[in-house]
Structure formats: structure tokens, C-alpha cells
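Report on the structure given below.
What follows draws every value from the coordinates through simple rules; no lab data is involved. Small disclaimer: the values here were computed from a predicted structure and weren't measured. In this analysis, Cβ positions are derived from the backbone assuming ideal geometry, glycine residues included, and neighbour counts consider all displayed protein chains.
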Amino acid sequence: MAVLGGLSIAPMTGYALREQIRDALGQFWAESFGQIYPALAALERDGLIERQAALRAGSSTFAITPQGSAR
């Protein structure tokens, strides 16, 4: 839910999402890339987020879908 909440603000990369979550929830959750990227993959697989065109090589931006917003 934290990942969906972060992406509800704006589409962002996994790195930017980690920074956003750390700033908002850092007192409660010490997230890592090992948690963020598998969560992004699962949410994408479930149709709750979608991968957008990469702004630079090796970096994907993710956006929440209408189903993700409803969730």
C-alpha cells in the first residue's frame, strides 16, 4: 500500500519511490530496494501499476493505474 500511495502522488522510478517512502514513512518502515522492486513487479503483474517509457537507459518509471487507485 505504501508503494501505491507513493505512486498516487506522481509517476516515479523505483529510486525516487524509495526516497518518497523514506521521507514519509522513515520512522515506521526501513524499506530497501530489495523490497521496493519486487513490490513494483507484483503490482505491475496485478495491473495496479504500469511501466512507462524509460527516461534513461536502465531506469523505468512506474505509474498507478485506475485499478491501483481504486485499490
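Computed from the C-beta positions of Glu50 and Ala24 and an R0 of 25 Å, the FRET efficiency is 0.65 to the nearest 0.05.
Just want the ordering: Tyr37, Tyr15, from fewest to most Cβ atoms lying within 10 Å of their own Cβ. The most exposed by this proxy come first: Tyr15, Tyr37.
Fewest neighbouring Cβ atoms within 10 Å first, the residues Asp23, Asp46 line up as Asp23, Asp46. The Cβ shell under 11 Å around Leu43 holds other residues with a net charge of 0, Lys and Arg each +1, Asp and Glu each -1. Taking the number of Cβ atoms within 10 Å of each Cβ as an exposure proxy, the fewest-first ranking of Arg18, Arg71 is Arg71, Arg18.
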